[in-house]
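Trainee: Okay, here's the structure, questions in a sec.
The values are calculated or read from the model by the stated rules, or taken from the named source; none is laboratory data. Please read all numbers here as calculations on a predicted model, not as lab measurements. Here the Cβ is made from the backbone with ideal geometry for all residues, glycine too, and neighbour counts use every protein chain on show. Only protein heavy atoms, including side chains, enter the accessible area calculation; ligands, DNA and RNA are left aside. Shrake-Rupley method; radii C 1.70, N 1.55, O 1.52, S 1.80 Å.
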Amino acid sequence: KYFEWQVRYMKMWFEQAQMSGRLTRLLSASTPDFLAASGEIPTHVSPPYNRPGDFYTPYNKPWAVDRWLKDARPTEDVIMIIDPDCMFVSKMELVVEEGSPIAQQAFYHFDFSKNDVPMQIARKYCKDCTFLDPIAVPIIIHR
């Protein structure tokens, strides 16, 4: 229920700030929840990330974004990825160029000398990387 209220407030802030574009919630779940089934919040339901032996739940966000881009095929050129606890106090009008996404700087960092979870993921998906930039929401990309 707490998550549902976060989403409702995020939608209210989105509308109150007169943000341009459509709001689509991405839900990683086996079945639609109340908000999705009722149509109260436009929702794309994506099956949870499921790869045998890989149980890192934060994969659900990039997995849901990937499924949404492939299944729903949005036509908007610019896409903003936010979390349900984000709020808009005024309209954001950012310009993002194709191939140059922008995002909030994240609080964590990647330490190449360690073998912690972030570095294990980085080594798995970013072969031969010499620099990793930790990012957080909002993430704004040009499709």
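Trainee: If a residue must be open to solvent by 60 Å² or more (accessible area, probe 1.4 Å) and among the hydroxyl-bearing types (Ser, Thr, Tyr), how many such residues does the range 37-86 contain?
Mentor: 4
Trainee: Which one of these is open to solvent by 80 Å² or more (accessible area, probe 1.4 Å), at pLDDT 85 or above and small (Gly, Ala, Ser): Ser100, Ser113?
Mentor: Among Ser100, Ser113, only Ser113 is open to solvent by 80 Å² or more (accessible area, probe 1.4 Å), at pLDDT 85 or above and small (Gly, Ala, Ser).
Trainee: Moving on to the next point. Any residue at all in the range 72-84 that's of a type in the set (Lys, Arg) and at negative phi?
Mentor: The answer is no, given that none of the residues of the range 72-84 is of a type in the set (Lys, Arg) and at negative phi.
Trainee: Tell me whether the range 105-115 contains one or more residues that are closer than 27 Å to His44 by Cβ and of a type outside the set (A, V, I, L, M, F, W, C).
Mentor: no
Trainee: Taking the range 2-26 as the search range and keeping residues that are among the hydrophobic types (A, V, I, L, M, F, W, C) and farther than 21 Å from Thr75 by Cβ, which one is most open to solvent (accessible area, probe 1.4 Å)?
Mentor: Across the range 2-26, the extreme among qualifying residues is Trp5.
Trainee: Kindly state which strands (runs of 3 or more DSSP E) lie completely within the range 17-115 and contain at least 2 residues that are of a type outside the set (Lys, Arg) and without any contact (Cβ under 8 Å) to a residue 60 or more places away in the chain.
Mentor: Strands (runs of 3 or more DSSP E) meeting the threshold: 25-28, 43-46, 102-105.
Trainee: For Cys126, work out the one condition from (1) in contact (Cβ under 8 Å) with a residue 24 or more places away in the chain; (2) over 29 Å from Lys1 (Cα atoms); (3) open to solvent by less than 60 Å² (accessible area, probe 1.4 Å) it doesn't fulfil.
Mentor: (1)
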